[in-house]
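Data first, discussion second: the structure below is written as structure tokens.
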Amino acid sequence: TDSSDLFGALFEAPAGTRTVPVLVPMPAPKPYSYCVPDGTAVEPGSIVQVPLGPRQVIGVVWDGGEDGVDPKKLRPITHVFDCPPLSKEMREFIDWVAAYTLSPPGLVARMALRAPNAFEPEPMAEGLRFIGGEPVRMTPARARVLDTASDGVSWTRTGLAHAAGVSTSVVDGLISQGLFETIFLPPPPVVAKPDPDFASSRLQGPQKDAAEGILSEVRKGEFSVSLIDGVTGSGKTEVYFEAIAETIRRGKQVLILLPEIALTASFLERFQDRFGAKPAEWHSDLAPRMREKVWRQAVTGEVRVVAGARSALFLPFEDLGLIIIDEEHDPAYKQEDRVYYNARDMAVVRGRIGNFPVVLVSATPSVESQVNGQNGRYSTIHLPTRFGDAALPDLHLVDMRRHAPKRDGFLSPVLIRAIGKTVEKGEQALLFLNRRGYAPLTLCRVCGHRFQCPQCSSWLVEHRFRSQLQCHQCGHSQRTPEACPECGTLDHLVACGPGVERIAEEVERHFPDARTIVLSSDITGGVKRLRLELEAIAKGQADIVIGTQLVAKGHNFPLMTLVGIVDADLGLANGDPRAAERTFQLLSQVTGRAGRTGLKSHGLLQTYQPQHPVMQAIVSGDASAFYEREIAERERASLPPFGRLASIIVSAETRHDAENHARSMRSSAPQVSGISILGPAEAPLALVRGRYRFRLLVHGRRSSDMQAFLRTMLAQAPKERGSVHVQLDIDPQSF
Ligand code: ADP
Ligand code: ZN
């Protein structure tokens, strides 16, 4: 636009004699060269503003010096931000992630710069300081203000009025009489600093040994990976708190990654109880101003501990000394958008580059981490029992072939009786079903018409509370009609299968007086409302909770003594080799919500496959046999972590274009021993938002250089023409 051209022109500084590479937040394959105006000081890591086409963009001065281009031919850097430069470690990390995931480094760097106004110190707020003297006329209100201000502290105008309990006009009157001087206040700190000795460590028994193991790594202050493998409620959090305390004592910053940070208010409070202050939060629900503050204070070192979602891994800490990854097996650590990466794996890389310890934590470690534990790459620390007098729930399978629910129902009589008993005792029951909405499929009883998304290969999910049919792939929604759009028959549409809303309806039929809460991401009011509901549950203000995986993570509900799994088989059906592992992890986590205090607790898992290894592993409480089988199976098939996988998704507006391009990518690929290509086949989601998707799976031995192969493959592939788009996913979640 005109104004940005003008802006660009105004900022054209005098040419210099030096050039530097600058990484801009674009999908460019490498940094661009810019000239440094004479008298401007930049170094690798400096955050700068540079012209790019007609725009001004933020970039980072990168490593690699002069490229021999005549500086006169280059455009100059327009501004250097007053911000500590990104450290060498951080730059190396960005390059490493870019190379590993085959993403443009600029896009990775952009993740490190996601706080648009944080690169310059915040403008200082105006403050007041009492300089002495008496007002012309003293009033009780004026006296209170002077009394409050007389301690020499600097106040904001409204802060002083508030503290003195008067209106701002009283303060204004005193200012106009010259009793105050105006000064500039430094920005308030985002959080108080956590104090490692605020509350003393209270570890007991096996927790002590576990903490000792990790503390010895922390004291070495070198790269190492520890895996805390302990059942839910065994005190893993207490143990890693000691590692955090020690790291703070050593003057280093700490990053804690959590899969659902926005929902774990209780975690922040626990942290505060131990350290006297909350950690800074980092996640996508953070207000932009807060985000900018946390970013800046992480860079300047003012923030000592950050608790965040996976994206916090790209915060350019001043001096990071420890990363904790809680629930390390959680699929939420995988980002599948632009830069595809697994924050757990990249955290280990960051620890290696920064030469500091990394601690993985889980009740159900991923197969990858288990194998790394077995081969000695990670040191594993076990916590096999719950802390104190809390016992794990008694778990039982409900064989649905023998305990069929009533017509139109999904809860077996056994489960209904158990819910009744629990509620009678004044305790809480959780019914878990990982399916949002009312029913996953709606069809016409007369003609068989099924409601499908017009843009995706998925059924529309009925949301009865909102009278809508919704696509969970693309968000498309429409009103639920009364007549079938195909045959026109009225009132013959039937809901097939249950979602949480439908289970709630069934629960209300059986327990009309119970207080029920449905929890899923569909809740109106967003994260705030969810936090409130979770708090209400923890305080015992609900009898029966019906929820998706949102309720599975991390929460501590003291009164919850029954967990009912509505459909334990749900996650097993999709044919993915990781399905059993995932189902085991999710079910362990959900059943782990019960019995966190001394109360006797139960879990009932409704299944049609009681002999399935996952079900057996869950009820026996012995995961080792299950994991051994899983690991043996992966090894036999040379699947990760014994082999390497990459998935290439080719999408296009027509099926033909997508399939064709995928085929030619395959036929133009290099031949390398130890690496093979499977497909193309229709991707697991074959049509999303009107785009057809085909998948190539590249499989390699552990020793093969997957990245080099893929680079060559991409270079030799035909150009992406028309609507064709190629997306690479290293270490895909499903395969
Ligand atoms: P995990 O992280 O393994 O699920 P937590 O650390 O949350 O386990 O501990 C479970 C419960 O036991 C929490 O309520 C915690 O406060 C309590 N707890 C754990 N260790 C101790 C301890 N040493 N002293 C007192 N309470 C503890
Ligand atoms: Zn859709």
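Quick notes
- Label positions at LEU268 and ALA391, each projected 7 Å from the Cα along the C-beta direction, are separated by 3.7 nm.
- Fewest-first ranking of HIS661, HIS283, using other Cβ atoms within 10 Å as the exposure measure: HIS283, HIS661
- Multiplying the residue separation of SER638 and HIS476 by 0.36 nm and subtracting their alpha-carbon distance yields 54.4 nm.
- Under Stokes-Einstein, with the Kirkwood radius over Cα pairs as Rh, the value for region 335-430 at 4 °C and 1.567 mPa s is 70 µm²/s.
- Equivalent-ellipsoid semi-axes of region 262-370, from the Cα gyration tensor, Å, largest first: 22, 17, 15
- Rg in Å to one decimal, and Dmax rounded to a whole Å, for the chain via C-alpha atoms: 29.4, 93
- Diffusion constant of region 134-204 at 20 °C, which comes from Stokes-Einstein with the Kirkwood Cα-pair radius and 1.002 mPa s, µm²/s: 147 µm²/s
- Each residue, THR524 and MET26, gets one label point 7 Å from its Cα in the Cβ direction; the gap between the two is 4.5 nm.
- R0 of 22 Å, Cβ-Cβ distance LYS539-ALA192: FRET efficiency to nearest 0.05: 0.25
- Filtered GluC sites (Glu not before Pro), region 122-217: DSSP coil and at most 16 other beta carbons within 10 Å: none
- Taken over region 608-735, the alpha-carbon convex hull comes to 125 cubic angstrom per residue.
- Bins of 5 Å, starting at 0 and running to the largest distance - Cα pair percent for region 477-614: 2, 8, 15, 18, 18, 15, 11, 7, 4, 1, 0, 0
- With R₀ set to 45 Å, the beta-carbon distance separating ALA625 from LYS88 gives a calculated FRET efficiency near 0.45.
- Square roots of 5 times each gyration tensor eigenvalue, C-alpha, region 183-331, largest first, Å: 25, 17, 15
- Cysteines in the chain lacking any other cysteine Cβ under 4.7 Å from their own Cβ: CYS35, CYS83, CYS474, CYS496.
- For the chain, the relative contact order works out to 10 percent when only alpha carbon pairs closer than 8 Å and six or more residues apart are counted.
- Taking 0.36 nm per residue of separation and subtracting the Cα-Cα distance, full extension of the segment from LEU490 to THR597 would add 33.3 nm.
- Label-to-label distance, nm, for residues given as LYS208 and VAL446 (7 Å Cα→Cβ offset): 7.6 nm
- Full extension of the segment from ARG509 to VAL69, taken as 0.36 nm per residue of separation minus the current Cα-Cα distance, would add 150.7 nm.
- Other residues within the sphere of radius under 11 Å centred on the Cβ of ALA287, judged by their own Cβ, net out at 0 (K and R +1, D and E -1).
We did not get these values from a lab; they are worked out from the coordinates using the rules stated. As the structure is a prediction and not an experimental result, all values here were calculated from the model. Ideal geometry is used to build each Cβ from the backbone, glycine not excepted, and the neighbour counts take in all protein chains shown.
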